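Colleague: Dropping a structure here in C-alpha cells format, bear with me for questions.
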Amino acid sequence: MDIQHDEGRRLLDDERDEDPTGLMSEQDAYLSKVKNRNLYLATFASVLGPMSFGFVLGYSSPVIPELTHIDDPRLRLDDVQASWFGSIVTLGAAAGGLLGGWMVGRIGRKLSLMFCSLPFVFGFAIMIAAQNVWMLYAGRLLTGLASGVTSLVVPLYISEMAHERVRGLLGSCVQLMVVLGIMGVYLAGLFVDWRWLAIVCSIPPTLLMVCMCFMPETPRFLLSQGKRREAEEALRFLRGPHAPVEWECARIEDACDEQGSSFGLSDLKDPGVYKPLVIGVMMMVFQQMTGINAIMFYAENIFEQAHFKESDLASVIMGLIQVVFTGVAAIIMDRAGRKILLVISGVSMALSTTAFGVYFYLMKEPHGDLSWLALASMAVFISGFALGWGPIPWLVMSEIFPVKARGFASAVCVLTNWTMAFLVTKTFQDMMILLTSAGTFWLFACCCVINVFFTIFFIPETKGKTLEQIEATFRGTSGP
C-alpha cells in the first residue's frame with residue numbers, strides 16, 4: 001500500500017511542479033487529472049431509481065380522482081380509501097428505509113440498488129392486474145418499499161462516487177429526477193387511464209436494473225470491505241485513465257482505518273456519529289413539516305378546492321416549476337453552498353404558505369376572483385422547496401455520516417422522513433377539517449420559519465469539502 005501511495009504522491013508532485021503559481025494543493029493537482037464522463041454515466045444510471053419513486057409519489061394525484069368515480073364498484077375508492085391509497089406508500093417507504101440500511105452494509109450500494117427495482121416492477125404489475133382495492137393497496141405498498149430503499153441507497157451511492165467539486169451537482173440530481181418523475185406521471189395522466197399509467201411507471205425501474213449491471217460498486221464500500229484492488233479499479237473507471245487514483249484510494253483508506261471497521265450502538269456516544277445523526281433526523285422532520293408531500297399527493301384536490309377548472313393541468317404546471325427550480329439548485333449548489341439555499345428556500349415557503357392560508361381565509365366570503373393568489377402561492381412554494389429543502393436534506397444526509405455508521409444513520413433518517421410523510425399525508429384532510437384550510441397552511445408556514453432558524457444555527461456548510469473532511473469536522477479533528 002505504501003508503495004502505491006508513494007507513486008500516487010509522486011505523480012501529484014509532478015503535476016504541482018508544472019503549476020506556475022506554486023499554489024496548487026495536492027487535492028487540486030489530483031482533481032486536475034480527473035475526467036468526469038464515467039462518473040456522470042454512473043450517476044445517470046443510479047438516478048433512474050429516484051425517477052421511479054417520483055412516478056410512485058405522483059401516481060396518486062391523477063389516479064385518485066379517476067378511481068373515486070370509476071364504474072367498477074370493486075375498485076371504486078371512497079374518501080377514506082383514497083386517503084389510504086395516497087398515504088400507504090409512505091409506510092412501505094419507511095420499511096424500505098430500514099431494509100435499505102441493512103442491505104447497503106451487507107451487500108453493498110450497487111446490488112441494493114439493483115434489487116430495489118424488483119418491488120417497483122412487481123408493485124406496478126399488481127396494480128395493473130388489480131381486481132379490488134386491496135390489490136391496489138398491495139401494489140402501492142410494494143412500490144413504497146422500493147422507494148424507501150432507493151431514497152437511502154442512491155444518495156449514498158452518488159456521494160461515495162463523486163468528488164467534492166461536483167458532489168453537490170450530482171447529489172442534487174436525486175431530487176431533480178424525483179420531480180421529473182412526478183411531472184412525467186402528471187403529464188402522462190392527462191392522456192392515459194390508471195392501468196396504462198402503471199405500465200408507463202414500470203419502465204424506469206426496469207431500465208435501472210439493466211443499466212446498473214455495467215456500473216461499479218463505490219470505492220468507499222469496497223475499501224471498508226478490505227477490497228483495495230477492486231476499489232482502485234472502480235476509481236479508475238470513475239476518475240479516468242490519467243488520475244493517480246492510488247492517492248485518493250490511500251486517503252479514503254486512512255479515514256476508514258481511523259474509524260474502525262464495524263459499527264455498534266456504543267458508537268452513538270461518539271460526537272462524530274451522534275451530532276450528524278441528530279442534524280440528519282431533524283432535517284428530515286422539517287422537510288416533511290413544510291407540507292410538501294401532502295401538497296403534492298393532493299395537488300389536484302387542492303386546486304379543485306381553490307376552484308380551478310383545469311386542476312389536472314395546474315398540477316402539471318406545478319410539476320414543471322419544480323423541475324426547473326430543482327435544476328437551478330443543482331447548477332448553483334457547489335457555488336452558492338447548502339446553507340444559503342436552505343435559508344432562501346425556508347423564507348419563500350413561509351411566505352407562500354402564509355399567502356395560501358390568506359387565500360383560503362378570504363374564500364369564506366366572496367372577495368372577487370382570487371384564484372391568482374392560490375396559483376402564485378403554490379408556484380412560489382414549489383419553487384422555494386425545489387431550491388433548497390427538496391434536494392439538500394438528502395444531499396447532506398449522504399455527506400455527513402462516517403462510513404461505518406452510514407447504513408444505520410441513513411436508515412434512521414429515511415425512516416424518519418417517510419414516517420413523517422405518512423403522518424402529514426394521512427392527516428392532511430383531517431387537518432383541513434379541524435384547523436380549516438387556512439389554519440393548516442398557516443401551521444406549515446410556522447414550521448418553515450422554524451426551518452430557517454434551525455438552518456442558521458445548526459446545519460454545517462459542506463460545500464467544497466471531502467467526505468473525510470466533513471467527518472473530521474464533527475469529530476473535532478483536522479481532516480485529511
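Read-outs throughout are calculated quantities, based only on the coordinates presented, and are distinct from any laboratory measurement. Computed from a predicted structure; not experimentally measured. Here the Cβ is made from the backbone with ideal geometry for all residues, glycine too, and neighbour counts use every protein chain on show.
Colleague: Just how far, in whole angstrom, is segment 138-170 from segment 325-393 if you go by their alpha carbon centroids?
Modeller: Taking the Cα centre of segment 138-170 as reference, the centre of segment 325-393 is 24 Å away.
Colleague: Give me the percent relative contact order of the chain, please, defined on Cα pairs under 8 angstrom at least 6 residues apart.
Modeller: Computed over the chain, the figure is 23 percent.
Colleague: Treating cross-link reach as a plain straight distance, find the lysines whose alpha-carbon is under 27 Å from the alpha-carbon of Lys364, omitting any fewer than eight places away in the same chain.
Modeller: Reachable lysines: Lys309, Lys426.
Colleague: Shifting gears a bit: When His242, His69, His163 are ordered from fewest to most other Cβ atoms inside 10 Å of their Cβ, what list results?
Modeller: His69, His242, His163
Colleague: Turning to a different aspect of this structure: What is the order of Tyr59, Tyr40, Tyr137, fewest Cβ neighbours within 10 Å to most?
Modeller: Neighbour counts put them in this order, fewest first: Tyr40, Tyr137, Tyr59.
Colleague: Looking at Phe401, Cys448, Phe303, which one has the Cα that reaches farthest to the positive end of the dipole of the chain (charges on Cβ: Lys, Arg +1; Asp, Glu -1)?
Modeller: My answer, from the dipole projection, is Phe303.
Colleague: Full extension from Ala336 to Tyr361: what is 0.36 nm times the residue separation minus their Cα-Cα distance, to one decimal in nm?
Modeller: The span from Ala336 to Tyr361 would gain 5.3 nm if fully extended.
Colleague: For n ≥ 4 DSSP H runs only, could you compute -39500 (n - 2.57) per run for the chain, divide by its residues and tell me the 222 nm figure to the nearest 500?
Modeller: -25500 deg cm²/dmol
Colleague: Another question, if that's okay. Compare the Cα positions of Ala472, Leu375, Phe422 along the charge dipole of the chain (+1 at Cβ of Lys, Arg; -1 at Cβ of Asp, Glu; about the Cα centre) and return the one farthest towards the positive end.
Modeller: Toward the positive end, the furthest listed residue is Phe422.
Colleague: Using all C-alpha to C-alpha distances in segment 103-232, build P(r) with 10 Å bins and read off the rounded percent in each one.
Modeller: 12, 37, 32, 15, 5, 0
Colleague: With unit charges on the beta carbons (Lys and Arg positive, Asp and Glu negative) and the dipole taken about the Cα centre of segment 355-437, which residue among Cys413, Pro391, Leu435 sits farthest to the positive side?
Modeller: Comparing the listed Cα positions along the dipole, Cys413 ranks first.
Colleague: Between segment 46-88 and segment 434-448, how many Å separate their Cα centres?
Modeller: Using only Cα atoms, the two centres lie 25 Å from each other.
Colleague: Can you compute the radius of gyration and Dmax for segment 46-108, using only the Cα atoms, both in Å?
Modeller: Computed over the Cα atoms of segment 46-108, radius of gyration and Dmax are 15.4, 47 Å.
Colleague: For the pairs Lys110/Lys227; Lys339/Lys465; Lys275/Lys404; Lys339/Lys463; Lys269/Lys404; Lys227/Lys463, note any where the Cα-Cα span goes beyond 18 Å.
Modeller: Lys227/Lys463
Colleague: While we're looking at this one, here's another question. So, with +1 on the Cβ of K and R and -1 on the Cβ of D and E, and no other charges, what is the size of the charge dipole of the chain about its Cα centre, to the nearest 20 debye?
Modeller: 480
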